[in-house]
Structures are given as structure tokens and as C-alpha cells.
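Below: one structure, written as C-alpha cells.
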Amino acid sequence: MIWQLFVTFAKIGVFAFGGGYAVIPLMQREVVTLHGWLSAGQMVDVIALSQMTPGPVAINLATLVGYHTAGLTGAVVATLGLIMPTAVAIAVLARFFLVLQERPPVQAVLAGIKPMVIALIFAAAVFIFANAASSAKGTIIALTVLLLSASSRWHPMALIILSGIIGIIIY
Amino acid sequence: MRNYSGQANTVVITWRLFTGFFRIGAFTVGGGYAMLPLIQHYIVEKKHWVDKNEFLDLIALAQSFPGVIAINTAAVIGYRINGLSGALAAMLGAGLPSFMIILLLVNYFFRFRNNIYVSHFLAGARAGVVGLLVYAACSLGTRILRNMRAWFIFGIGVLLLVFLHVHPATAVITSAILGYLLFAGREGS
């Protein structure tokens with residue numbers, strides 16, 4: 001179990017491009033669909049919580065999932081697993097990568113991954129909407145947040161807390 | 001690459017990297033991108049460890065590695081300033097606060113998740129997250145989806161992820177291959 005947690009989160013670390021939001025489909029696939037460590041509903045709540053607590057979203061998710069699956073050891077192992085590939089890659093490659101990065105093939109590959117990051121974030125939105133927000137009330141809250149994000153400089157955490165308060169009032 | 005270990009005690013710099021990233025990790029909500037301005041303030045304006053242009057290069061480098069943006073950024077900057085020990089100190093500093101805060105909250109979270117107020121709060125928060133995600137996809141989209149090839153890869157991605165439910169890792173590999181085939185030798189797009 002512990003080893004499986006480590007391997008799973010290391011795998012997530014290797015394929016996580018584009019930051020916390022883009023990691024959501026990867027986590028959902030591994031944690032909910034493949035291993036059944038969390039239910040889809042728990043996963044969605046954990047995602048909401050990880051937007052409200054400080055720090056990197058993916059670290060929050062790894063710690064939460066690891067703890068829920070195997071206690072403190074699980075939390076440590078999942079979080080270390082998540083950052084291990086990066087730590088190794090940076091230790092080994094950082095020296096060469098600034099040069100390597102300028103090479104056209106590397107640029108082309110990175111240019112290909114960028115649009116996929118948007119598709120991943122979109123897929124995360126679809127997953128959460130389908131599992132947790134696909135009601136008239138949920139749609140109204142989602143649209144409100146979308147409009148406030150687009151039209152003002154509201155901080156994401158403030159928007160999530162506002163959504164929660166609206167939730168207490170209307171649900 | 002210059003190394004700053006000659007200018008001051010390496011142990012002191014390692015410690016400052018740790019505490020600097022720890023403070024940023026403890027007080028920024030919203031993930032890696034929200035941390036970038038604070039990291040820039042600390043590293044560039046306050047400590048003058050690197051100048052702004054080099055900082056932007058390092059950020060670009062950090063984002064082209066897979067993994068957690070905030071941790072990658074910490075690792076690359078820490079490495080640049082103080083080698084491997086700097087990288088480890090900065091990574092640990094950036095990750096530790098959220099790890100500890102989650103450990104403090106996790107028991108209450110799973111216990112009170114079904115409390116009526118908490119569950120209604122979460123119901124609202126989940127819907128809010130959908131709004132945030134759609135906004136993030138749109139604002140990234142206006143910057144990245146600027147030619148047919150990018151739109152094509154995005155379309156393939158939506159098809160694979162939303163309709164065919166392939167593993168996201170497979171989708172990332174597919175996009176890397178498509179990027180190599182479509183963008184190689186056609187710079188400036």
C-alpha cells in the first residue's frame with residue numbers, strides 16, 4: 001500500500017505539466033478510478049479544500065489523499081513521491097536544461113504540451129461539474145465565480161469562500 | 001553560471017532560502033502561479049540574488065519540467081543560488097507549510113465533511129472551483145491557442161480526455177508527439 005502510494009504519486013509527478021489545476025484529471029484517474037482510494041465525491045471535496053488552504057495545490061492534494069489512505073506515513077510518502085521526480089530531474093538536468101531548452105525539438109514538444117494543459121484544465125472542470133455541481137444552483141455559483149474572475153481581481157481563495165457561503169445560504 | 005557561495009556563508013544562504021520559501025508557502029493560497037509574484041519580490045527585489053530577466057528565464061525553465069510549479073520554481077531558484085543544498089532547502093521550505101496545515105486540518109475535514117453547514121459550504125465551494133477552472137482554461141487559452149496547430153492539439157485533448165476517457169498521461173505523451181511533428185522546424189508560432 002505504502003509503496004503503491006509512492007509509485008502512484010511519483011507517476012503523477014512525472015506527467016504533471018501545467019500546475020495544480022492540470023494535475024486534477026491525473027489525480028482523479030489514479031486515485032479514484034484506478035485505486036479507489038477516494039470516492040469521486042470525496043475527491044471533489046478534497047479538491048475544493050486544497051484551493052482554500054495555503055501552498056501548492058498538488059502538495060495539498062497529495063498530503064490529503066496520502067493521509068486518508070494510510071495515515072501520517074501515507075501523507076509523507078505521497079508528498080515525497082510527488083516531488084521526487086522533479087528533485088531528481090533538477091539535480092541531474094538543471095545544468096544542461098537552459099541550453100537544451102533552446103533546441104528546436106524541445107521547444108516543439110513543449111509547444112505541443114501547452115494546448116494539452118488547457119484541455120486538462122477543461123477536463124478537470126467537466127469532472128467536477130459532472131460529479132458535484134450539475135444543478136441549477138451549482139451552475140449559478142460557477143457562472144458567478146467565472147464572471148467575478150473575469151471582471152475583477154478577486155483572489156481565488158476569496159471566490160471559493162464566497163461560493164461556500166452562497167452554498168450555505170441557497171442549498 | 002555564477003555561484004554566490006563566495007559572497008556569504010553558504011549555510012546562511014541555504015537557511016534564508018528555506019525561511020523565504022517557507023513564508024511564501026505558508027501565506028499564499030491558490031497554488032504555484034499565485035506564489036510567483038511573492039517569490040520574485042523576495043528573490044529579485046529584496047535579496048537581489050538574481051535580476052529580473054534571469055528570474056523570468058528560471059521561471060520558464062521551472063515550468064518546462066513536469067511536477068508541482070511552486071516546488072519546481074523553488075528547486076530551480078534554489079539550485080541557481082546555492083547548488084543542490086539550496087535546491088533542497090527551497091523545495092522543503094515551499095512544500096512544508098502546506099503539508100503541515102493539511103495534517104492539522106485533515107481529521108476535522110473528513111469528520112465534519114457530512115455536517116450540514118460544512119457540506120453545504122463544500123457544495124458551494126465545488127461549484128466555485130468549476131468557475132475558477134473554466135476561467136483558468138479561458139485565460140490560458142487566449143495566450144496559447146493562437147494558431148490552428150494549437151487548437152488542433154487542444155481539440156484532440158478534449159476528445160481524448162472528456163469523451164474517450166484516456167489516461168491523462170497518455171494525453172500528455174500524445175501532445176508531446178504531436179508538438180514534435182507539428183511545431184518542429186516552424187519557429188515563431
**Prompt:** In segment B:76-134, which residues are without any contact (Cβ under 8 Å) to a residue 40 or more places away in the chain, more than 7 Å from chain A (Cβ to nearest Cβ), assigned to a helix (DSSP H, G or I) and out of contact with any helix residue (DSSP H, G or I) (no Cβ under 6 Å at 6 or more places or on another chain)?
**Reply:** B:88, B:100, B:104, B:107, B:108, B:111, B:116, B:119
**Request:** Being at the interface with another protein chain (Cβ under 7 Å from one of its Cβ atoms), assigned to a helix (DSSP H, G or I) and free of Cβ contacts under 8 Å to residues at least 40 places away in the same chain is the filter here, so list the residues in segment A:73-106 that pass it.
**Result:** A:75, A:87, A:89, A:90, A:91, A:94, A:97, A:98, A:104, A:105
**Request:** For segment A:19-37, enumerate the residues that are in a loop (DSSP other than H, G, I, E, B) and surrounded by fewer than 18 Cβ atoms within 10 Å (Cβ to Cβ).
**Result:** A:35, A:36
**Leading residue by the ranking (surrounded by the fewest Cβ atoms within 10 Å (Cβ to Cβ)) among those in segment A:118-171 that are part of a helix (DSSP H, G or I) and touching a strand residue (DSSP E or B) at 6+ places or on another chain (Cβ under 8 Å)** = A:157
**Prompt:** Looking at this structure, is residue A:26 at the interface with chain B (Cβ under 7 Å from one of its Cβ atoms) and of a type in the set (A, V, I, L, M, F, W, C)?
**Reply:** yes
**Request:** For segment B:86-108, indicate whether the set of residues that are over 22 Å from residue A:68 (Cα atoms) and loosely packed, with under 15 Cβ neighbours inside 10 Å is non-empty.
**Result:** no
**Item:** Qualifying positions in segment A:119-163 - touching a residue at least 60 places away in the same chain (Cβ under 8 Å) and more than 16 Å from residue B:139 (Cβ to Cβ)
**Value:** A:123, A:127, A:128, A:131, A:132, A:157, A:160, A:161
**Top-ranked residue in segment B:23-82 [being surrounded by fewer than 19 Cβ atoms within 10 Å (Cβ to Cβ) and among the charged types (D, E, K, R); ranked as nearest to residue B:102 (Cα to Cα)]** = B:23
**Message:** Between a residue in segment A:31-46 that is farther than 9 Å from residue A:65 by Cβ and any residue that is among the hydroxyl-bearing types (Ser, Thr, Tyr) and surrounded by fewer than 23 Cβ atoms within 10 Å (Cβ to Cβ), which pairs come within a Cβ distance under 8 Å, given they are 6 or more apart or on different chains?
**Reply:** A:32/A:39
**Prompt:** Quick one: how many residues across segment B:43-71 are modelled with pLDDT of 90 or more and touching a Phe, Trp or Tyr at 6+ places or on another chain (Cβ under 8 Å)?
**Reply:** 3
**Message:** Checking the conditions here, which among A:40, A:16, A:58, A:10 is surrounded by fewer than 24 Cβ atoms within 10 Å (Cβ to Cβ), hydrophobic (A, V, I, L, M, F, W, C) and in contact with a Gly (Cβ under 7 Å, 6 or more places away or on another chain)?
**Reply:** A:10
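The values are calculated or read from the model by the stated rules, or taken from the named source; none is laboratory data. Keep in mind that this is a model prediction, so the values were computed, not measured. Glycine also receives a Cβ, built like all others from the backbone with ideal geometry; neighbour counts cover every protein chain displayed.
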